[in-house]
Every structure is written in C-alpha cells, then in structure tokens.
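Remarks on the structure that follows.
Since every read-out is calculated from the coordinates, none of them should be taken as a lab result. None of the values given here were measured: they were computed from a predicted structure. As a convention, Cβ positions derive from the backbone with ideal geometry for all residues, glycine included, and neighbour counts pool all protein chains shown.
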Amino acid sequence: MNNKIKEMIEEIEAMKVKLGEEIAQQEKDISYEIQNGYVKFEKDVLDKQKKNMKNLLTWFREIPLLHLLTSPLIYGMIIPAILFDVILFLYQQIIFRIYKFEFIKRSDYIIFDRQYLGYLNSIEKLNCMYCSYFNGLMYYASAIASRTELYFCPIKHAKKVAYKHEYYDEFFEYGVGNDYQEKLKNLRKKSEK
C-alpha cells in the first residue's frame, strides 16, 4: 500500500472519530445512563416515551395481514441462528486457540438495549431483540471470518467489495506476488496475540 493511500485511510479513521464524538455530543441531550449493562431513563423521559407507545390492540389492527402471516418464517430463522451461534463459539474456542488469534468478544456485536425504550410495545420490543440478536450475530460471524481471512488469505479482491472489514486495508494488493510468502509470515507474526 502506498503512502498516499495510507494517509487517506488515516484521514478516514480520524473523521470516524470526529463523527463518533459529534454523535455522542448529540446523544447527551437524551437523558439516560447505563448501569451494570442496563439502560436507565429518567422518570419523566420514560413517561414521555410511554405516551408514544402504540397499544397492542391498535398495533394488531394496523399490521398488514401478509406481515402477520410471514412472521413464522422470519422467527423460524432463530433455529439456524442459534445453531450458527453455537458453531461460532466452538470454532473460536478451537481455531483461535490453536492459531493464537485474539478472541472476538460476542458482546461487542450482539447488544440488547432497545427493550428499555418506553415507546415500544411488547411485540415491538420482541422484534427489536430478534433483530439485535440476528444482525449482531452476522456482524460477530463476519468479525470471526475476517480475523481468519487475515491469517489464511490476506489478499484484496480484484473487484471492488461492497463491505470491507477492519483488516481489509492491511491485505496485500491483488496480483502483486513479490515476496508474498515473506510478507505473509510477517503479517501473521504481527497479528498474533
């Protein structure tokens, strides 16, 4: 990777930090705090949220019939998701230990906090928990796969990729095989925990 690309990546990372700070500043106006993993709102904020909650009877009356009929298919995906979750756990316990990879924290990806929102009814909270689990699981799987790819095949693709994981920029340029084995050995050493 040439110096100009490295500089641009560093600028992007700096902008991500600035964006995070700006979002955090904006979120300060929302009165909540996290205590022991639980989100706590001030009572008046929670009361205001509850005024915006749609009761279950209204919610069921307004939901399109096809949405209701497809819910078993959507929720049925929880079975393969749980199986996948167990397989990822086993994979990490075995493979990451053998190859001395740093473990990926599941709790960084699967986050349950939307159920504390007072404006969601019980069905909406269940939907949010499902989405948090399923999408978080996919991000968690991607993190595990990208860490594995860093070791076994750290070569960029010839075509542009729609999603670049956190290690992708460290990968070797496609088609540039000069000193590949030596570079691979150095990258593996650098990435061990």
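Calculated [222 nm] ellipticity per residue, helices only, for the chain: -19000 deg cm²/dmol; basis is -39500 (n - 2.57) per DSSP H run with n ≥ 4, divided by all residues, nearest 500. With the simple model of a label 7 Å out from the Cα in the direction of the Cβ, Ser146 to Glu62 spans 3.7 nm.
Taking 0.36 nm per residue of separation and subtracting the current Cα-Cα distance, fully stretching the chain between Leu126 and Gln35 would add 30.6 nm.
If R0 equals 35 Å, the separation of the Cβ atoms of Met8 and Glu182 corresponds to a calculated FRET efficiency of about 0.85.
Express in whole angstrom the spacing between the alpha-carbon centres of the stretch 82-143 and the stretch 165-179. For the stretch 82-143 versus the stretch 165-179, the Cα centre distance is 28 Å.
For the chain, relative contact order (Cα pairs under 8 Å, six or more residues apart, normalised by length) works out to 21 percent. Measuring gaps between exposed loop sites in the chain (GluC sites (Glu not before Pro); DSSP loop; at most 13 other Cβ atoms within 10 Å), the longest gap, sites not included, is 103-165.
Compared with the direct C-alpha span, the chain from Ala24 to Glu166 gains 48.9 nm at full extension, assuming 0.36 nm per residue. Angle of helix 3-27 to the longest C-alpha principal axis of the chain, folded into 0 to 90 degrees and rounded to 10: 20°. For the chain, modelled as a GNM whose springs connect Cα atoms under 10 angstrom apart, the maximal fluctuation among Lys183, Lys160, Lys40 occurs at Lys160. Projecting the Cα positions of Phe89, Tyr109, Thr70 onto the charge dipole of the stretch 63-191 (unit charges on Cβ atoms of Lys, Arg, Asp and Glu, taken about the Cα centre) puts Phe89 furthest along the positive direction.
For the pair Ile79 and Lys100, a Förster radius of 30 Å applied to the C-beta separation gives a FRET efficiency near 0.35, rounded to the nearest 0.05.
Per-peptide packing, taken as the mean over residues of other Cβ atoms within 10 Å, places 52-58, 84-90 in the sequence 84-90, 52-58 from highest down.
Relative to the longest principal axis of the Cα atoms of the chain, the long axis of helix 65-76 makes an angle of roughly 50 degrees. Put a plus charge on the Cβ of each Lys and Arg, a minus charge on the Cβ of each Asp and Glu, and nothing anywhere else: the dipole of the stretch 63-191 about its Cα centre is then about 300 debye. When the Gaussian network model of the chain links Cα atoms closer than 10 Å, the mean-square fluctuations of Leu126, Leu117, Leu65 top out at Leu65. Taking Cα atoms only, the orientation of helix 122-152 departs from the longest principal axis of the chain by about 0 degrees. For the residue pairs Lys16/Lys160; Lys50/Lys125; Lys100/Lys185; Lys105/Lys189; Lys159/Lys189, alpha carbon separations beyond 18 Å are given by Lys16/Lys160; Lys105/Lys189; Lys159/Lys189.
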